[in-house]
1. Inside region 70-150, counting only helices (runs of 4 or more DSSP H) that do not spill past its ends, which hold 3 or more residues that are open to solvent by 20 Å² or more (accessible area, probe 1.4 Å) and out of contact with any Pro (no Cβ under 9 Å at 6 or more places or on another chain)?
2. Among the residues of region 175-192, write down those that are open to solvent by 60 Å² or more (accessible area, probe 1.4 Å) and farther than 15 Å from residue 90 by Cβ.
3. Restricting attention to region 41-66, which residues are at pLDDT below 80 and in a helix (DSSP H, G or I)?
4. Select from region 208-217 the residues that are in contact (Cβ under 8 Å) with a residue 60 or more places away in the chain and surrounded by fewer than 22 Cβ atoms within 10 Å (Cβ to Cβ) and write down the one among them that is nearest to residue 171 (Cα to Cα).
5. Given the condition over 30 Å from residue 242 (Cβ atoms) and not small (Gly, Ala, Ser), answer yes or no: does some residue in region 137-147 qualify?
6. What number of residues in region 57-69 are open to solvent by 30 Å² or more (accessible area, probe 1.4 Å) and within 22 Å of the chain's Cα centre (by Cα)?
7. Provide a single number: the residues in region 373-392 that are within 16 Å of residue 321 (Cβ to Cβ) and open to solvent by 80 Å² or more (accessible area, probe 1.4 Å).
8. Among the helices (runs of 4 or more DSSP H) contained in region 311-407, which hold 3 or more residues that are within 24 Å of residue 272 (Cβ to Cβ) and without any contact (Cβ under 8 Å) to a residue 24 or more places away in the chain?
Amino acid sequence: MTTPAASPLKSNTTPTDPNTADAPQPPATKGDPKDAARQGVPTAVRPAPQGEDGAALLNEVEAFHRRFNAFPSEAAYVAVVLWDAHAHLLDCFDSTPRLAFLSPEPGSGKTRGLEVISTLVPHPMHAVNASPAALFRAVADQAGRPVVLFDEIDTVFGPKAKDNEDLRGLLNAGHRRSGVSYRCVGDGGNQAVVAFPSYCAVALAGLGHLPDTIKARSVIVRMRRRAHTEPVEPYRHRIHEPQGNALRDRLAAWVAQARDRIDGVFPEMPEGITDRPADVWEPLLAVADAAGGDWPERARAACVELVTTVNDDDRTSLGVRLLTDLRDQVFPGETAVSTVQILHILNRLEESPWGDLDGQPLTPRRLSRMLKEYVTAKGTPIAPRAVRIGGQPTKGYHRDDLTDAWNRYCPLPPEPPVTPVTPPTNPTLTSGDAVTDPEGRNRYASDTPTTEQRSL
């Protein structure tokens, strides 16, 4: 067998050190802290018989990940290490965040991430082929509660998913400590409703995106294919699993001694992190604070970075995107805007979906239907009303009806404020003007090709 390449965690002991695997060893006794050494585990990842330095231990866990995983950012390494540690402390928290490795293409290191995590957490359960019944019963066993590692999650939540509602329900309910899933148990008419505890740590890996209900409960790591400048060690299960398990045992020992500093603690959140993101990051920040060193600072920086990345995701709901574009692109400096003018502006925006929604530009009917999902400050659905534009009556929307929804759903406005998009050559449009031609095309779209189109 080829000897693995040297790594940052390689032992610095000499061949004559009695703690090395090369030296003759007496028979191991049960519970002997030197057992790991006799299995060839490097000194740096052997269990410590006495108290651990939490910060140093988390540094070693991070170094272990870096040997085999090419995560996209420093924040991702910090989040994954803290998630590993929090999995040993679930009973200290009211909720557990899902950890999601997502990528647009296969071969991006998602499965390898789960493999390395499986060596560091208690009772790992690879659930890619597990039936819902098996998962319900495994998670309900609170004495041996597993950490569920779910690969190919796109088969559950993606466009090819079919009959997986039970699994979706389990993953949603298990986020909270009080979460249970109700099922009928028994034969024929002799059945009873049983509440299965669902609370467990879950790490996911898959292609594409997650449903909003899962994404809001998750720390998202956007994986990408490893570049040639990002070398990692080949992961060999027989060699490296014992090394990860030794770190796992040390994590378990450390959290036992740090439990009193974590249980019932509500860590200070970074500015702007509230509501669901605060719920997601609370356990991870509590672990970082207990570890000390530079981990509290690194954890909060990672929290802000990863939460901001999710908030900036282009796949935010169309409704929020519509409200935001109305605020930033249509209504600056305006009290009321006609429906036709709104459509004219929105459909001309570059890098926006409005000019091509299912092959058609945004229409007055669809605009009205989307905005009616939101309400005014008075609690009534947002709807078009009679407004006066340039002294002429027409149908449109008023700023007062939209302000409350902007404040509740939209991200903070850009700085400096975006200049209103005003077509310089087209006259003011009213309800008598048509936006689309008889074939459904935007009649006001420019016929001049863009620089990008000329290069194609």
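The values are calculated or read from the model by the stated rules, or taken from the named source; none is laboratory data. Quantities reported herein were computed from a predicted structural model and do not represent experimental measurements. A quick note on method: Cβ atoms are made from the backbone with ideal geometry, for glycine too, and the neighbour counts reach across all protein chains shown. Accessible surface areas use protein heavy atoms only, side chains included; no ligands, DNA or RNA. Shrake-Rupley method; radii C 1.70, N 1.55, O 1.52, S 1.80 Å.
1. Qualifying helices (runs of 4 or more DSSP H): 110-118, 132-140.
2. If the condition is that a residue be open to solvent by 60 Å² or more (accessible area, probe 1.4 Å) and farther than 15 Å from residue 90 by Cβ, then 182, 183, 184, 187, 188, 189, 190, 191 are the ones that fit.
3. 43, 44, 45
4. Per the criteria, the residue is 214.
5. no
6. Of the residues in region 57-69, 1 are open to solvent by 30 Å² or more (accessible area, probe 1.4 Å) and within 22 Å of the chain's Cα centre (by Cα).
7. 1
8. Helices (runs of 4 or more DSSP H) meeting the threshold: none at all.
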